[in-house]
Amino acid sequence: MTASAPTGPLPKYHQLADHCRGAIQAGSLLPGQRMPSLRALMAQHMVSLTTAMQACRLLESEGWLEARPRSGYFVRQPSVGLLAPVNDPPMQRAPDAAQYVGIHAKVSQFLSLGRLQRFKTNLSVARCAPELYPAEALQQAALRSLRHHPDQLVRAAPPQGCLEFREVLAQRALGAGMRLSAGDIQVTNGCTEALNLALRAVANTGDTIAVESPAFYGLLQTLESLGLKALEIPTSPRTGISVDAVELALRTTPGIKAVVVVPYLQNPTGSIMPNAHKQALLRLCQQQDVALIEDDTYSALVDDAVLREEPLRAIKSWDDSGHVLYCASLHKHLAPGLRLGWISGGRWKARVEMLKFAASRGNERLAQMAAASFIGSAAYDRHLRRLRTTLVTQRAQTAQAVSRYFPEGTRLTVPRGGLSLWVELPQGLSATTLFHAALAEKLVIAPGTIFTNSSRFDSNLRVNCGWPFTPEIDHAFARLGQLVGTLAKTG
Ligand SMILES: Cc1ncc(COP(=O)(O)O)c(C=O)c1O
């Protein structure tokens with residue numbers, strides 16, 4: 001699984017294959033795209049027909065290309081799942097009630113260690129490279145908005161959010177089956193504020209909240225900061241939270257006020273909940289009269305291949321009782337810099353609006369107006385399609401790097417969308433130890449332990465694939481793989 005050193009000059013067809021493979025890895029040739037014809041390859045690279053054919057056959061045998069009858073060669077969806085997937089946890093285990101005393105300190109310590117260093121490569125974030133977001137189009141939209149409403153910077157913003165923005169959000173929510181009006185939407189400062197408001201609306205200090213395990217560390221920090229207890233529920237890297245385990249928890253643990261789930265591309269595992277699980281979870285929450293906080297930070301990044309099988313469907317779309325507080329964000333798929341998110345609070349709508357007003361008043365207009373103009377246009381759909389296609393390639397390149405460089409026994413779940421991979425080290429090796437060893441070399445990863453308050457997931461790490469896969473990133477994975485190899489030898 002380590003990269004083999006080149007020996008002697010490569011035959012011409014190998015060199016040509018290397019060149020084409022590099023173009024695919026760099027994203028210059030995208031999955032589904034037609035390869036230049038054999039004739040074009042012959043002319044561009046001054047090689048014979050035999051050499052061009054041999055190069056394409058080699059790439060086909062490696063899984064990079066597929067031949068389609070009478071149409072030529074096409075770039076394949078890169079083969080993923082090269083490594084065995086990360087194991088499911090035992091799903092029926094009775095959860096341990098855990099008070100998150102100290103979780104904040106633990107997470108913050110890791111984050112600040114990562115930030116303190118002037119790192120070379122940061123694989124610990126969960127967002128895309130700035131160049132993958134539509135900076136220029138958003139800038140134009142903001143300038144247009146300022147021209148049309150020159151006084152917007154000096155007028156107070158509406159507490160619930162700009163109507164224009166809430167209207168396009170409501171329109172787009174139809175795509176996930178939700179019938180909302182602009183009045184159902186409260187604009188927030190990212191999903192972080194939406195989650196804070198949701199939790200504060202449904203729970204009081206000392207209450208218990210059921211969360212996925214592992215869970216997004218920011219949620220654990222929020223729970224700690226609000227004085228709430230978290231109950232970690234086993235979560236499959238494929239199908240998300242165990243509904244049976246939630247049921248068991250609701251039966252056996254008194255005082256659970258809410259369940260928080262990320263149905264699409266859970267952070268950190270990337271799981272997607274099947275619709276049947278979402279409906280069962282909603283029924284359970286309705287029967288037990290418990291709030292269901294749906295964190296939909298990532299659904300815009302679900303692969304098109306998945307969407308062709310089944311359109312997006314938010315849990316909120318089945319909610320006829322108002323038990324779901326739906327929280328979303330533009331951070332991951334459109335513009336981290338705008339810090340825009342929103343919440344539809346269901347039966348807690350009025351309380352959410354009051355809490356938002358008390359906490360921070362309305363979000364500033366300009367960001368909302370720029371986002372509204374872009375999201376309301378066809379350019380938004382084009383941007384999302386392009387971003388999702390790019391992420392397919394980057395995810396596959398990252399998965400291939402892990403499988404190439406990490407020692408045997410490493411496990412990896414490649415999600416069907418998004419910008420992160422969840423890796424499990426072999427032989428129970430500690431990703432916390434790896435984190436410190438990597439930091440010494442100015443490489444940052446997100447160790448599994450920050451996604452839980454338990455001692456679980458110490459062998460896991462989350463790595464980012466939102467950046468174009470450059471030689472520098474390839475090198476970082478090669479070095480990480482060597483560090484894991486050293487850990488394996490030294491125990
Ligand atoms: C699952 C999940 N929810 C919420 C957030 C926070 O979103 P925002 O940056 O919009 O506040 C994140 C960010 O990483 C996340 O992964």
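Taking Cα atoms only, the orientation of helix 190-202 departs from the longest principal axis of the chain by about 40 degrees. Classify the range 127-189: rounded, prolate or oblate, from the alpha-carbon gyration tensor (a ≥ b ≥ c, eigenvalue square roots; a/c under 1.5 rounded; otherwise prolate if a/b is larger than b/c)? Because a/c hits 1.5 or more and a/b fails to exceed b/c, the range 127-189 counts as oblate.
Protection proxy ranking, highest mean first, for peptides 131-144, 335-348: 335-348, 131-144, where packing is the per-residue count of other beta-carbon atoms within 10 Å, averaged. Angle, helix 163-173 long axis vs. longest principal axis of the chain, Cα atoms, 0 to 90°, nearest 10? Computed tilt is about 60 degrees. Take the chain with all the other protein chains still there, run a 1.4 Å probe, and you get 43 Å² of accessible area per residue.
In terms of distances greater than 31 angstrom between alpha carbons, the cross-link table entries LYS120/LYS332; LYS120/LYS316; LYS120/LYS489; LYS106/LYS332; LYS120/LYS278 yield LYS120/LYS316; LYS120/LYS278. Computed across the range 300-405, the Kirkwood hydrodynamic radius from all distinct Cα-Cα pairs reaches 16.7 Å. Under a model in which nothing but the beta-carbon of Lys, Arg (+1) and Asp, Glu (-1) is charged, the chain shows a dipole of about 820 debye around its Cα centre.
Taking amide H atoms as placed 1.01 Å from N in the peptide plane, the amide H of SER236 lies under 5 Å from those of ILE241, SER242, each 5 or more residues away in sequence or on another chain. Seen against the Cα atoms of the chain and their longest principal axis, helix 471-490 is set at about 80 degrees.
Tell me the label-point distance for the pair GLN171, HIS19, using the 7 Å Cα-to-Cβ offset, in nm and rounded to one decimal. Spacing of the two 7 Å Cα→Cβ label points: 4.7 nm. The H on the amide N of ASP207, modeled in the peptide plane, is under 5 Å from the matching H of LYS229, each at least 5 residues off or on a different chain. Backbone geometry of the range 296-302 corresponds, through the Karplus equation with coefficients 6.51, -1.76 and 1.60 at θ = phi - 60°, to 3J(HN,Hα) couplings of 10, 6, 10, 4, 5, 9, 5 Hz, x marking Gly and Pro. Under 5 Å from the amide H of LEU65 lie the amide H atoms of GLU60, ARG76, each residue being 5 or more positions distant or on a separate chain, with H modelled from the backbone and absent for Pro and chain starts.
Taking all protein chains as present, what is the carbon and sulfur share of the accessible area of the range 133-380, in % to the nearest whole number, probe 1.4 Å?
Answer for the range 133-380 is 51 percent, counting heavy atoms of protein chains only.
Divided by 2.2 N^0.38 Å, where N counts the residues, the Cα radius of gyration of the chain comes to 1.03. Estimated from helical segments only, the mean residue ellipticity of the chain at 222 nm is -13500 deg cm²/dmol, where each DSSP H run of four or more residues counts as -39500 (n - 2.57).
Evaluating 6.51 cos²θ - 1.76 cosθ + 1.60 at θ = phi - 60° for every residue in the range 209-226, the Karplus couplings come out as 10, 7, 10, 5, 9, x, 10, 3, 5, x, 5, 5, 5, 4, 4, 4, 5, 9 Hz, glycine and proline recorded as x.
Phi-derived couplings, Karplus 6.51 cos²θ - 1.76 cosθ + 1.60 at θ = phi - 60°, listed residue by residue for the range 309-325: 6, 7, x, 4, 8, 6, 4, 3, 5, 9, 7, 9, 10, x, 6, 9, 9 Hz, with x used for Gly and Pro. Between SER321 and LEU226, the FRET efficiency from the beta-carbon distance, with R0 = 25 Å, is close to 0.50. The charge dipole of the range 127-267, taken about the Cα centre with unit charges on the Cβ atoms of Lys, Arg (+1) and Asp, Glu (-1), comes to about 200 debye, rounded to the nearest 20.
The values are calculated or read from the model by the stated rules, or taken from the named source; none is laboratory data. Here the structure is a predicted model, which is why all the values come from computation and not from measurement. Cβ coordinates were reconstructed from backbone atoms using ideal geometry, including for glycine residues, and neighbour counts include every protein chain displayed. SASA here: full protein model, heavy atoms, side chains in, ligands and nucleic acids out. Shrake-Rupley method; radii C 1.70, N 1.55, O 1.52, S 1.80 Å.
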